[in-house]
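Contents: one structure, followed by commentary.
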Amino acid sequence: MNEHSAHRSPDHRLLMDVAAGNHSAFETFYHRYATRVYHYLLSLLRDPSAAEEALADVMVAVWDSAKTYKGESQVSTWLLGIARHKAIDTLRRVSRYEMTTVPLESAAEQIDPHDGPMDLLVQEALAAQTKQALEQLSPEHREVLYLAFYQEMPYQDIANLLDIPVNTVKTRVFYAKQQLKQVLLRVHATEPLQ
């Protein structure tokens with residue numbers, strides 16, 4: 001164990017166990033990240049079966065290449081980078097070059113057990129409007145919003161994942177939020193909640 005080993009995150013140590021061929025560590029890693037990776041893949045591929053297939057490819061890649069992880073980024077950033085490459089490969093295989101997303105889970109979709117039927121209808125309408133608004137954003141803007149708000153990734157990690165400067169991430173998030181706001185205003189004007 002070198003002097004930096006003591007400062008490694010639990011996920012880093014878990015990945016090192018995977019690199020050593022520990023099947024139990026891989027199972028733990030899979031259960032820790034599979035849902036998160038699947039949702040990211042689904043946001044890029046828009047096809048549940050393609051996302052499931054890509055998830056399997058990602059996890060095989062993790063098993064095969066865990067030893068290449070150098071600890072220069074968070075494990076989750078490294079993993080989502082693999083997932084992004086697998087999604088791009090999938091899109092190329094099916095001759096679809098534009099990366100698109102499924103609707104992001106919005107706050108409107110979070111159901112409170114104390115809500116009445118009318119509250120639930122309003123939430124469903126708001127979720128549908130949010131979905132419609134998100135579909136009108138560019139793929140780049142949808143992706144940065146997904147990573148920033150639903151994967152809760154720091155801008156630096158998003159920059160590393162997408163291989164773009166951090167200021168580009170900030171700019172995309174800013175413009176994506178502005179566009180989303182404008183689209184939602186138009187949607188609300190044409191489709192009132194009540």
Going fewest to most other Cβ atoms within 10 Å around each Cβ, Val94, Val144 line up as Val94, Val144
Set of lysines near Lys70 by C-alpha distance (under 29 Å), chain-local residues within fewer than 8 positions excluded: Lys86, Lys170
Give me the extension gain from Glu124 to Arg186: residue separation times 0.36 nm, minus the current Cα-Cα distance, reported in nm with one decimal. 20.5 nm
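For the stretch 5-93, what does the equivalent ellipsoid look like in terms of its semi-axes, each the square root of 5 times an eigenvalue of the Cα gyration tensor, given largest first in whole Å?
Semi-axes, largest first: 24, 12, 11 Å.
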So for the pair Glu52, Arg32, with labels modelled 7 Å out along Cα→Cβ, what separation do we get in nm? 2.6
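Suppose R0 equals 45 Å. What FRET efficiency, 1/(1 + (r/R0)^6) with r the Cβ-Cβ distance, do Lys67 and Phe149 give to the nearest 0.05? Present the calculation step by step, with values, prior to reporting the outcome.
Numbers: r = 33 Å, r/R0 = 0.73.
Step by step, r from the Cβ atoms, then E = 0.85.
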Sorting Phe149, Phe29, Phe174 on the 10 Å Cβ count, fewest up front, what's the list? Phe174, Phe149, Phe29
Could you name the lysines in cross-link range of Lys131, using Cα to Cα under 19 Å and dropping any fewer than eight places away on the same chain? Lys177, Lys181
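I need the calculated FRET efficiency for the pair Lys177 and Arg93, taking r as the beta carbon distance and R₀ as 30 Å, to the nearest 0.05. If you can, show how the numbers build up before the last one.
Values: r = 33 Å, r/R0 = 1.09.
The computed FRET efficiency comes out at 0.35.
Would you list Asp157, Asp11 from fewest to most Cβ contacts within 10 Å?
Going from sparsest to densest Cβ surroundings: Asp11, Asp157.
Each reported figure results from applying straightforward, stated rules to the coordinates on display, with no laboratory input. Values in this document were obtained by computation on a predicted structure and should not be read as measured data. Using ideal geometry, Cβ is built from the backbone for each residue, glycine included, and neighbour counts are taken over all protein chains shown.
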